[in-house]
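Student: After the structure tokens below, expect a handful of questions from me.
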Amino acid sequence: MSATIKASQGAPYSRIYGVGGERGNRVVSNAEMCTIIDSSDEWIQQRTGIVERRWATEDQTPLSMSLVAGRKAIERSGVDPSQIDGVLVATGSHTQQFPSLAVSVAAGLGLKDPAATDLSSACAGFCYGLSLADSMVRTGSAKYVLVVGVEILSRQTDFTDRGTAFLFGDGAGAVVVGPSESPGIGPVVWGSDGDAADVIWTDEWNAALEAGKKPVIHMEGNKVFRWATTFIAEKTAEALEAAGLAPEELDVFIPHQANNRITDSMLRRMHLPESVVISRDIRQMGNSSAASIPIAMEALLESGEAKSGDTALVIGFGAGLVYAGQVVLLP
Ligand SMILES: CC(C)(COP(=O)(O)OP(=O)(O)OC[C@H]1O[C@@H](n2cnc3c(N)ncnc32)[C@H](O)[C@@H]1OP(=O)(O)O)[C@@H](O)C(=O)NCCC(=O)NCCS
């Protein structure tokens, strides 16, 4: 007998309702960094654009920072927390395999019985989450989804490696995604290349701990740089095209804050007009991986450089290698 099963159906489109961020409390200047590694303020600024980075203080954890960012995003969204039935947390900094960080974020925010899970997509995690949230809302598997990106990379940094130690920052950013009558999140352009899994990676945790070592991040910076300035620059342009926008119709560009020189090469590829607001949040934040895009989004809205309703192109890329990008309307 062949029975027909019912399929869920959701809203015609989705959009971002609110954004919130939280940065590590401690400001670490390049001068202070250069007391730890053999480098200079001039070299770091010239190669990356970083002036200072934010590190979590001892009292800050991935959970505490997610709760601050999540609370802000929910308050600003105007959505009643009882309506939030999905929580996605993108992170590489949660130090337990299970339970997920997402279930603790949901409980800490007082959300009742939402679907909740973590995403392991490194610096692309927030944009992966955004796309999944969009699908959840449009297929009806959730009505409102909280998407969080959170990292405490300073606790996974190898301070004996001057090729990576100056890059990383700590923070959390969150958005609420929900139903919309018109498109507020464009098609995602995403993918992965597991053959390049050895370009950015963390130590295998058990092996490191058994050897009495802290698991840390390793990276072949040059290879990442080349990939980001060629392949990812192309994909960034594709994400804009997928949304049906000409460069002149874009208001804001918020790439993953990995390196200002990577951002510059994307701009050269896309021929964006001067009027487009470009996020350079890395200057004050360092690279906060999954958290960088929502934190940068909040900063542009708070400073008034960007405004609600603006079209913004976001793209995350990193360890995997993985990437995901889409155009969104700012909340
Ligand atoms: C990390 C990064 C800034 C290094 O810049 P780079 O121009 O590629 O530098 P290289 O690794 O080629 O090193 C160039 C020289 O600077 C030196 N150097 C490396 N780190 C240094 C530091 N902190 N201070 C001073 N000199 C440094 C190297 O030893 C090398 O010297 P040599 O030529 O005498 O051997 C750059 O590769 C990068 O940003 N990559 C992408 C990283 C990234 O975005 N990762 C996350 C993706 S999500």
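Student: Would you confirm whether any residue within the range 141-150 is in contact (Cβ under 8 Å) with a residue 60 or more places away in the chain, more than 16 Å from the ligand (Cβ to nearest atom), aromatic (Phe, Trp, Tyr) and closer than 20 Å to Gly21 by Cα?
Tutor: yes
Student: Something else about it: Do you know which residues across the range 154-193 are among the polar types (S, T, N, Q) and either within 30 Å of Val327 (Cβ to Cβ) or part of a loop (DSSP other than H, G, I, E, B) (or both)?
Tutor: Residues satisfying the conditions are Thr157, Thr160, Thr164, Ser180, Ser182, Ser192.
Student: Among the residues of the range 194-208 satisfying the criterion of being outside any loop (DSSP other than H, G, I, E, B) and under 21 Å from the mean Cα position of the chain (by Cα), which is surrounded by the fewest Cβ atoms within 10 Å (Cβ to Cβ)?
Tutor: Gly194
Student: Separate question: Any chance the range 209-231 includes a residue that's crowded, with 21+ Cβ neighbours inside 10 Å, of a type in the set (Val, Ile, Thr) and more than 30 Å from Lys307 (Cα to Cα)?
Tutor: yes
Student: Kindly indicate whether any position in the range 138-154 is touching a His at 6+ places or on another chain (Cβ under 9 Å) and crowded, with 17+ Cβ neighbours inside 10 Å.
Tutor: For the range 138-154, residues touching a His at 6+ places or on another chain (Cβ under 9 Å) and crowded, with 17+ Cβ neighbours inside 10 Å: present.
Student: Kindly indicate which of Thr236, Thr263 is in contact with a Lys or Arg (Cβ under 8 Å, 6 or more places away or on another chain), within 12 Å of the ligand (Cβ to nearest atom), under 27 Å from Arg15 (Cα atoms) and not assigned by TED's automatic domain parsing to the domain that holds Asn25.
Tutor: Thr263
Student: Kindly provide the set of residues from the range 37-65 that are among the aliphatic types (A, V, I, L, M) and touching a Leu at 6+ places or on another chain (Cβ under 8 Å), ordered by number.
Tutor: Ile50, Leu63
Student: Could you list, in sequence order, the residues of the range 42-66 that are outside any loop (DSSP other than H, G, I, E, B) and without any contact (Cβ under 8 Å) to a residue 12 or more places away in the chain?
Tutor: Result: Glu42, Trp43, Gln46, Ser64.
Student: When you go through Glu42, Glu58 one by one, which is the residue that is away from the ligand (no atom under 15 Å from the Cβ), at negative phi and either out of contact with any helix residue (DSSP H, G or I) (no Cβ under 8 Å at 6 or more places or on another chain) or β-branched (Val, Ile, Thr) (or both)?
Tutor: Glu58
Student: Looking at (1) hydrophobic (A, V, I, L, M, F, W, C); (2) within 16 Å of the ligand (Cβ to nearest atom); (3) crowded, with 18+ Cβ neighbours inside 10 Å; (4) part of a loop (DSSP other than H, G, I, E, B), find the lone condition where Ile36 falls short.
Tutor: Against the list (1) hydrophobic (A, V, I, L, M, F, W, C); (2) within 16 Å of the ligand (Cβ to nearest atom); (3) crowded, with 18+ Cβ neighbours inside 10 Å; (4) part of a loop (DSSP other than H, G, I, E, B), Ile36 comes up short only on (3).
The values are calculated or read from the model by the stated rules, or taken from the named source; none is laboratory data. Because the structure is predicted, anything quoted here is derived from the model rather than measured. Please note: Cβ atoms are built from the backbone with ideal geometry, for glycine as well, and neighbour counts cover all protein chains shown.
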